Amino acid sequence: MNLSKNKNIHIEMLLLAVVQELKEQLHYEMKEALAGRTSHLATKINAIEERKSEDLLSIKEAAGLLGVSKITLWRLRKSGEIKTYMLGSQIYFKKSDILKSLIPVS
């Protein structure tokens, strides 16, 4: 009986050690996952702030500013009349570049 009781205590101690190790591993994994996500979100926030500070316009916004279709804007972009900038896979236009590209009519 005493031997059986010692085995049970030993098993309980092993189980507690395994549970503690699993908790620590889970804590580490969650911390790493959150750090990666936080970094990703920080990158997105920085990109948005950069876009605001540079006064960048999306294709839709630039077309609206000029009063032209997206296709016309695409042609102006391809011909080099208006500079474009990329952030990730998104295309942007600087408002100042668009205004500089306008030709005064007398």
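The values are calculated or read from the model by the stated rules, or taken from the named source; none is laboratory data. Keep in mind it's a predicted model, so treat the numbers as computed, not measured. Note that each Cβ is placed from the backbone with ideal geometry, even for glycine, and that neighbours are counted across all protein chains shown. Just the protein is used for accessible areas: all its heavy atoms, side chains included, with ligands, DNA and RNA removed. Shrake-Rupley method; radii C 1.70, N 1.55, O 1.52, S 1.80 Å.
Brief remarks follow.
- Subset of the stretch 53-71 [open to solvent by 50 Å² or more (accessible area, probe 1.4 Å) and in a helix (DSSP H, G or I)]: SER53, GLU54, ILE59, LYS60, GLU61, GLY64, LEU65, LYS70, ILE71
- Only one of the numbered conditions (1) open to solvent by less than 90 Å² (accessible area, probe 1.4 Å); (2) at pLDDT 85 or above is violated by LYS78, and that is (1).
- Pairs, first among the hydrophobic types (A, V, I, L, M, F, W, C) in the stretch 95-106, second part of a loop (DSSP other than H, G, I, E, B), C-beta under 7 Å, six or more apart: ILE98/ILE82
- Hey, ILE59 under 29 Å from the mean Cα position of the chain (by Cα) and modelled with pLDDT of 85 or more or not: yes
- When LEU34, LEU16 are screened for being farther than 30 Å from ARG77 by Cα, open to solvent by 90 Å² or more (accessible area, probe 1.4 Å), assigned to a helix (DSSP H, G or I) and modelled with pLDDT of 85 or more, only LEU16 passes.
- Note on the stretch 81-106: residues that are open to solvent by 60 Å² or more (accessible area, probe 1.4 Å), assigned to a loop (DSSP other than H, G, I, E, B) and not polar (S, T, N, Q) total 7.
- Qualifying residue in the stretch 62-78 (condition: within 25 Å of THR43 (Cα to Cα) and among the hydroxyl-bearing types (Ser, Thr, Tyr)): no
- When HIS27 is tested against (1) of a type outside the set (Phe, Trp, Tyr); (2) touching a helix residue (DSSP H, G or I) at 6+ places or on another chain (Cβ under 6 Å); (3) open to solvent by 90 Å² or more (accessible area, probe 1.4 Å), just one condition goes unmet, and that condition is (2).
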